[in-house]
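Here's the structure, in structure tokens; my notes come after.
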Amino acid sequence: MWIYLNNKFVKDEDAVISVFDHGFLYGDGVYETLRSYGPHVFMQDQHLSRLFRSAEAIGLTIPISMKSLADILQEAMIRNEVGTDQRDAYLRITVSRGAGDIGLDPALCSSPTVVVMAKPLVPPASHLYETGVKLIVASTKRNLPSALSPQIKSTNFLNNIQAKREAIAAGAFDSILLNWEQHLTECTISNVFLVLDRTLRTPALECGLLDGITRMIVIQLARELAIRTDEGRYTVDDLFKADECFLTNTSMEIMPVTSVDRRAVGDGKPGPLTLKLREQFPAMRGRYGNMLHTR
């Protein structure tokens, strides 16, 4: 695998960073994951803009322009023979504070570390879209937004990892995290939607969750299909009463949920609204043609 590391592409065995890198020492950095459909990087501008917003929020200057990063993504796909008509690409950009002496002062690091990886996208198994997935409600709570903004895609992922450990121990696909007020927020790497009282509902950003790009597309799609939508504050009881539930993120798109804490969601099968949105999602992707980039 070819990896972009600080101004050049190197083979994976040569892609090494210092043990003094503050990304390694303190989780001091930001990242973004993207995917391609064939050679087209999906919602590239939106993902890159969010990366730069995350960096700005922690006072980190990315030493590469947005346009240059877009070019690097293209080269990474070409070098690794992904992002083709036969093989979609999974892309990750990581920017850390860089190497510096031990200590929390960002000024100890003179230059950020930039890493770009491209590999084949491995989507969830197809049968999961037919059967739906099982979730649990994690005992781990979502970080307080006033302590660490969920809009920062930080490389410090311990909050999510603890919740993921709970899901693995329970034999579940993932965990839903609650906030400090016991309201639903999101899963470890995805946003969550539920259908209740014929309305598509998803936790509001104010509950403490990432403004997922696929989340935004699904809300827009639902409104265009004249489906009532609401962003609000919901509890576990609302989830247990829901007729349908599904997850969204860049790589898996729309994933049906059919069980939460061993309790069936609706009739225990992917619901009609979930299936309708899944069916319409590819067409919606095409509508965002001006946001798909290729060379």
Going 7 Å from the Cα of T229 in the Cα-to-Cβ direction, what parts of the stretch 12-53 have a backbone nitrogen less than 16 Å from that spot? none
Could you compute how fast the chain diffuses translationally, taking Rh as the Kirkwood radius over C-alpha pairs and applying Stokes-Einstein at 25 °C with viscosity 0.890 mPa s? Give it in µm² per second. 122 µm²/s
Most mobile of R215, R285, R223 in a GNM of the chain (Cα contacts under 10 Å): R223
Report, in cubic angstrom per residue, the convex hull volume of the C-alpha atoms of the stretch 143-189. 76 Å³
Zero-based 10 Å bins, Cα pair distances in the stretch 2-120, whole percents: 14, 44, 32, 9, 1
Arrange V16, V82 by Cβ neighbour counts within 10 Å, fewest through most, would you? V16, V82
Give a residue-ordered list of calculated ³J(HN,Hα) values for the stretch 147-153 (Karplus: 6.51 cos²θ - 1.76 cosθ + 1.60, θ = phi - 60°; whole Hz; x for Gly, Pro). 8, 8, 4, x, 7, 8, 7
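Defining a contact as two alpha carbons under 8 Å apart and six or more residues distant in sequence, what relative contact order in percent does the chain show?
Relative contact order comes out at 19 percent.
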Convex hull volume of the stretch 237-287 per residue (C-alpha atoms, cubic angstrom): 81 Å³
Distance in nm between R263 and N156 label points, each 7 Å along Cα→Cβ, equals 3.4 nm
For the chain, what does the helix formula give at 222 nm: sum of -39500 (n - 2.57) over DSSP H segments with n ≥ 4, over the residue count, nearest 500 deg cm²/dmol? -8500 deg cm²/dmol
Which of rounded, prolate, oblate describes the stretch 44-193, given a ≥ b ≥ c as roots of the alpha-carbon gyration tensor eigenvalues and a/c under 1.5 marking rounded, otherwise prolate only if a/b is larger than b/c? oblate
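Values quoted throughout were computed directly from the atomic coordinates according to the rules given, and no laboratory measurement underlies them. Predicted model, so just to flag it, every value in this text is computed and none were measured. Don't worry about glycine lacking a Cβ; one is built from the backbone with ideal geometry, like all the others, and counts go over all protein chains shown.
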